[in-house]
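Trainee: This is the structure, below, for whatever I ask next.
Laboratory data are not the source of any read-out in this text; all were calculated from the coordinates shown. Predicted model, so just to flag it, every value in this text is computed and none were measured. Here the Cβ is made from the backbone with ideal geometry for all residues, glycine too, and neighbour counts use every protein chain on show.
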Amino acid sequence: MRFGETDRRDFFRDSMGHWFGRILEQTEERLVHQRYFRPPGAITEVAFLATCTRCGDCMPVCPVQAILKVPPSGGLAAGTPYIEPQTQPCIVCADMPCTRACPTGALSLPSDLWAGYRLGQLEFLAERCVTFHGTTCAVCAEACPVGPTALEMDSAGHPVLKREGCVGCGVCVRACITSPPSFELRAAEG
């Protein structure tokens, strides 16, 4: 079987695309030893580390002072902004002032703001939730800054996480009355 010129080009283009993608993944794995919760609008981690000048302009505009600087022990990430959701989660400001304050584009304002944007990945663990053990509670749903499009209570009084609407801010994790919380939050892959 002979390849035509178009088939050959497509084969090499696809092969190079896969090869380049894998090289990028391996580079990120070597450079990024710890995933940080980045402020809203953060571009992919390797690009973020290269673009962020560590100016701190995003920090003072955060109304709840959720944005911190990675300490010197953070290696390549030292001095870059991050959020510790367990201490002070992002409250999902409607206009993303931190992103608007970024002079370099390391925090890039999404075209549709919060629609489809994720700070982190949230998982609900029903076995920890008191509502599944006979106690009435709705603290998580009441605290959620996104509201019912992300988290609401069902007719039985149990939390229902809606992944398509959840931005992964961590407010529900911090508000949860169980210990450990009934929600687990991981930094967004990027």
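Trainee: Across segment 131-144, in residue order, what do the Karplus-derived ³J(HN,Hα) couplings come to in whole Hz, using 6.51 cos²θ - 1.76 cosθ + 1.60 with θ = phi - 60° and x for Gly and Pro?
Mentor: 5, 8, 10, x, 9, 7, 7, 9, 4, 4, 5, 5, 7, 4
Trainee: For segment 40-115, compute the orientation-averaged projected area of the C-alpha convex hull (one quarter of its surface), in nm².
Mentor: Reported value for the Cα convex hull: 5.0 nm².
Trainee: Arrange the following residues from fewest to most other Cβ atoms within 10 Å of their Cβ: VAL160, VAL64.
Mentor: So the ranking, lowest neighbour count to highest, is VAL64, VAL160.
Trainee: Convex hull over the Cα atoms of segment 74-120, averaged projected area in nm²?
Mentor: Computing the convex hull of the Cα atoms and averaging its projections yields 4.2 nm².
Trainee: Based on the Cβ-Cβ distance from ASP154 to LYS69, what FRET efficiency comes out when R0 is 35 Å, to the nearest 0.05?
Mentor: After rounding, the FRET efficiency stands at 0.30.
Trainee: If I model a spin label as a point 7 Å beyond the Cα along the Cα-Cβ vector, how far apart are those points for LEU125 and LEU76 in nm?
Mentor: Between LEU125 and LEU76, the label points sit 3.1 nm apart.
Trainee: Can I ask one more? For segment 40-167, place one equal point scatterer on every Cα, skip the solvent, and apply the Debye formula. What is log10 of I(q)/I(0) at q = 0.15 Å⁻¹?
Mentor: Debye output, listed in q order: -0.77.
Trainee: For segment 130-190, take the alpha-carbon Rg, divide it by the Kirkwood Rh, and send me Rg/Rh.
Mentor: 0.96
Trainee: For a protection proxy built on the mean count of beta-carbon atoms within 10 angstrom, sort 169-175, 74-80, 133-139 highest first, please.
Mentor: Put in order of decreasing packing, that is 169-175, 74-80, 133-139.
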